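Just below is one structure, and these are the notes that go with it.
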Amino acid sequence: MILIRKTSEEKKEYVRKLLHAGIPYREIQDHLKIRFSSGMSNTTLKKMAEETDEILNLRKDLTETKKELELYKDLYFELLTTIKEKL
């Protein structure tokens with residue numbers, strides 16, 4: 001039973017790498033059959049693709065938010081310096 005879980009986890013990690021590389025479902029199925037002698041359900045592949053897309057979108061949002069935070073920090077300190085100079 002442990003061997004099956006390990007293989008299943010290896011398969012999922014392999015699929016994540018292929019999805020991240022932009023490989024279509026049909027080719028992923030072919031890769032899985034070659035490497036693991038079995039494919040994966042299309043529903044599972046679709047869910048994993050959606051998760052991968054969501055993670056990529058969240059990373060993009062995080063990067064944009066960090067840039068905005070830096071901008072606001074810069075503006076804040078610039079405003080603070082200007083106010084101190086005028087007082």
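So how many residues does the range 1-18 have that are open to solvent by 50 Å² or more (accessible area, probe 1.4 Å) and modelled with pLDDT of 90 or more?
5
Just for the range 46-80: of the residues that are among the hydroxyl-bearing types (Ser, Thr, Tyr) and modelled with pLDDT of 95 or more, which one is nearest to the chain's Cα centre (by Cα)?
63
Every residue in the range 19-59 that is closer than 18 Å to residue 9 by Cα, open to solvent by less than 70 Å² (accessible area, probe 1.4 Å) and either touching a strand residue (DSSP E or B) at 6+ places or on another chain (Cβ under 9 Å) or assigned to a loop (DSSP other than H, G, I, E, B) (or both), please.
Across the range 19-59, the qualifying residues are 38, 39, 40, 41.
The values are calculated or read from the model by the stated rules, or taken from the named source; none is laboratory data. What you see is a predicted model; the values in this text were computed from it and never measured. Ideal geometry is used to build each Cβ from the backbone, glycine not excepted, and the neighbour counts take in all protein chains shown. Keep in mind that these areas ignore ligands, DNA and RNA; they rest on the heavy atoms of the full protein, side chains included. Shrake-Rupley method; radii C 1.70, N 1.55, O 1.52, S 1.80 Å.
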